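What follows is calculated from the coordinates using simple rules that are stated; it is not laboratory data. All figures in this text were calculated on a predicted structure; none of them were measured in a lab. Note: ideal-geometry Cβ built from the backbone for every residue, glycine included; neighbour counts use all protein chains shown.
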């Protein structure tokens with residue numbers, strides 16, 4: 001675990017909501033579970049591709065079973081609203 005994670009977590013955004021993430025990685029399944037905790041009234045439906053990006057320009061799409069291998073402050077994760085009920 002890196003120093004930032006040990007000191008309380010990275011500041012990341014999942015579907016418009018800022019959270020602290022203490023891990024160095026974050027998986028597709030962890031993102032879905034975190035979103036479902038953040039907004040129990042709107043659950044993720046199906047298995048959408050989840051977009052992620054950093055302000056450095058690095059970005060990608062995450063699919064089930066995959067993970068973001070390096071979590072840093074400023075990570076923005078979006079879930080297609082069509083896949084939220």
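Computed values, structure above
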item: Size of the chain as Cα extents on the principal axes (Å, biggest first); result: 37, 25, 22
item: Length added when fully stretched, residue 11-residue 69, from 0.36 nm per residue minus Cα-Cα; result: 19.3 nm
item: Residue 76 versus residue 29: modelled label distance in nm, points set 7 Å from Cα along the beta carbon direction; result: 2.9 nm
item: Cα-Cα separations in the range 9-58 greater than 18 Å, expressed as whole percent; result: 29 percent
item: Taking 27, 59, 41 and counting other C-beta atoms within 10 Å, the order from fewest to most; result: 41, 59, 27
